[in-house]
Structures are given as structure tokens and as C-alpha cells.
Amino acid sequence: MMEDLAMHILEILMNSIHACAKNIKFIVQDSDLDDKIVMQVEDDGKGMTEEQVQRVSSPFMTGRSTRKVGLGVAFLKGLTEQCNGEFLVTSKVGEGTTVTASVQKSFIDTPPMGNLGEIMMECIQADESIDYLFEYKTDKNSFLFDTKEIKKELDGVSLLEPSILLWIKDYINEQISLLKEDAG
Ligand SMILES: Nc1ncnc2c1ncn2[C@@H]1O[C@H](COP(=O)(O)OP(=O)(O)OP(=O)(O)O)[C@@H](O)[C@H]1O
Ligand SMILES: [Mg+2]
């Protein structure tokens with residue numbers, strides 16, 4: 001069904017969007033030295049109570065009325081556990097939520113990273129008014145993408161212009177490829 005990490009992370013990012021976040025920080029740490037990929041999504045949305053946090057990674061907690069089970073968080077938790085990784089949710093009502101998920105890079109069942117440019121594009125499309133900070137780090141280098149900066153550069157032109165959205169997707173993927181070449 002969801003066979004890459006990016007599709008799972010998109011679910012987590014969408015939860016932040018649904019929680020009315022104004023700022024979403026998404027960090028990927030891709031480390032050969034640690035043989036680990038750590039993905040973290042931090043939002044300033046409505047947050048969760050301690051009890052909600054306890055239950056969030058069980059498939060029976062959902063805010064949906066159309067479907068009985070919410071799967072976004074539970075799926076990612078299951079995946080990290082299968083891939084020798086760790087999973088952590090911390091949250092505070094009125095302050096925000098941080099989801100951290102890691103996987104072992106060299107583990108045979110760890111899915112490929114997938115298209116991070118695409119998921120950032122989808123998030124921006126879902127809500128342009130949110131500011132997204134995306135960072136991709138390797139052992140040697142890092143790349144930062146900040147919609148606040150882009151908005152300043154665009155000077156009033158919408159991020160939702162199809163040519164801008166496509167540029168964002170390609171730009172992010174290109175920069176990640178460059179980092180990976182440099183790291184390997
Ligand atoms: N970033 C977040 N901020 C606040 N609440 C959250 C956040 N992420 C998840 N939650 C809460 O945890 C519940 C479960 O999330 P999950 O993604 O597993 O299911 P869902 O979003 O309800 O349904 P689905 O993802 O299948 O559409 C959400 O309904 C929401 O109440
Ligand atoms: Mg969800």
C-alpha cells in the first residue's frame with residue numbers, strides 16, 4: 001500500500017495541517033555513520049492531552065467520523081518498529097506536537113525514502129498559508145527549504161502557481177540528490 005517513507009510522513013504532515021498548525025518543521029537526518037534515517041515533524045497546532053498521546057499510536061483513535069480507525073500514526077509506528085527504529089510522539093495542548101520516527105538504513109525491509117519534493121508540494125497545496133521549514137541533513141552537509149524565504153522572494157506571487165509548485169518539487173529533489181552524491 002504505502003511502500004515508501006515519504007508517503008507515511010505525508011500522513012504525519014497532514015495531521016499537523018489538520019491540527020491547525022501555522023508553522024511546520026520537517027527534518028530528515030540521513031546518516032550513514034549511524035546507519036539511520038530520523039524523520040521529525042514538529043508543529044505548533046492544537047496539540048494533544050497526555051491521554052490522547054498515549055492512544056494516538058493505537059489504530060482505534062481517530063478524529064474521523066467517516067472511518068472508524070485512524071491509521072496515519074499507527075502505520076508509521078508499526079513500520080519503524082519493523083525496521084529496527086524508534087517512534088516517539090510528544091505533545092502539549094495549545095502548544096503543538098512533535099512526531100519522531102527512525103528506521104535502520106541498511107535493514108533489508110526498510111522502504112526507500114520516496115519523493116520528498118512531492119510531499120512538500122502536496123503540503124503547500126493543502127494549505128499555502130502555513131509556513132514550512134524543511135531540512136535534509138547528511139553526515140557532511142545539509143539543505144534548508146523555508147517557505148517564508150520563498151514567499152519573500154516571490155513578493156506576492158502565490159506558491160500555488162503551478163509553475164512555482166513544480167519548481168519547489170524539483171528544487172527540493174535536486175538538492176537532496178546533490179547532498180547524497182556528496183555524502184557517498
Ligand atoms: N499533529 C497532531 N496534532 C494534534 N493532534 C494530532 C496530531 N496528529 C495526530 N493527532 C490526533 O491523533 C488522531 C489519530 O491520528 P491518525 O493520523 O492516526 O488518524 P486520523 O488522522 O484521525 O485518520 P487518518 O490519518 O487515517 O485520516 C487524530 O485524529 C488527531 O486527533
Ligand atoms: Mg491522520
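The values are calculated or read from the model by the stated rules, or taken from the named source; none is laboratory data. Fair warning: this is a prediction, and the values are worked out from it, not measured in the lab. Positions of Cβ are backbone-derived with ideal geometry, glycine not excepted, and every protein chain shown enters the neighbour counts.
The table for this structure:
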quantity	calculated
When residues of the range 71-98 are limited to those that are out of contact with any strand residue (DSSP E or B) (no Cβ under 6 Å at 6 or more places or on another chain), aliphatic (A, V, I, L, M) and within 14 Å of ligand 2 (Cβ to nearest atom), the one nearest to G45 (Cα to Cα)	V73
Matching residues in the range 20-60 - criterion: being among the aliphatic types (A, V, I, L, M), in contact with a strand residue (DSSP E or B) (Cβ under 6 Å, 6 or more places away or on another chain) and modelled with pLDDT of 95 or more	A21, I24, I27, V28, I37, V38, M39, V41, M48
Any hit, the range 97-111, residues being part of a helix (DSSP H, G or I) and more than 16 Å from the chain's Cα centre (by Cα)	no
Close pairs from the range 1-28: first polar (S, T, N, Q), partner in a helix (DSSP H, G or I), Cβ under 6 Å, at least 6 apart	N15/G72
Index of the failed condition, I24 passing every other in (1) within 16 Å of ligand 1 (Cβ to nearest atom); (2) β-branched (V, I, T); (3) within 16 Å of V73 (Cα to Cα)	(3)
Residues being within 16 Å of ligand 1 (Cβ to nearest atom), closer than 21 Å to D35 by Cβ and either out of contact with any helix residue (DSSP H, G or I) (no Cβ under 8 Å at 6 or more places or on another chain) or of a type in the set (D, E, K, R) (or both) - total across the range 89-133	1
Which numbered condition F87 misses (of (1) modelled with pLDDT of 95 or more; (2) under 15 Å from the mean Cα position of the chain (by Cα); (3) within 30 Å of E149 (Cβ to Cβ); (4) surrounded by 13 or more Cβ atoms within 10 Å (Cβ to Cβ))	(3)
Residue that is nearest to ligand 2 (Cβ to nearest atom) [pool: residues in the range 99-108 that are touching a strand residue (DSSP E or B) at 6+ places or on another chain (Cβ under 9 Å) and not small (G, A, S)]	V99
Cross-chain or 6+ apart pairs with Cβ under 7 Å, the range 146-158 first and within 14 Å of E135 (Cα to Cα), then surrounded by 10 or more Cβ atoms within 10 Å (Cβ to Cβ)	D146/L133; T147/I124; T147/D131; T147/Y132; T147/L159; K148/D131
Unmet criterion (only one of (1) within 13 Å of ligand 2 (Cβ to nearest atom); (2) part of a loop (DSSP other than H, G, I, E, B)) for N15	(2)
Matching residues in the range 144-184 - criterion: being touching a strand residue (DSSP E or B) at 6+ places or on another chain (Cβ under 7 Å) and surrounded by 12 or more Cβ atoms within 10 Å (Cβ to Cβ)	L144, F145, D146, T147, I172, Q175, I176, L179
Any hit, the range 137-148, residues being away from ligand 1 (no atom under 16 Å from the Cβ), out of contact with any Asp or Glu (no Cβ under 9 Å at 6 or more places or on another chain) and modelled with pLDDT of 95 or more	no
Verdict on V157 being at pLDDT below 95 and either away from ligand 2 (no atom under 15 Å from the Cβ) or closer than 17 Å to L5 by Cβ (or both)	yes
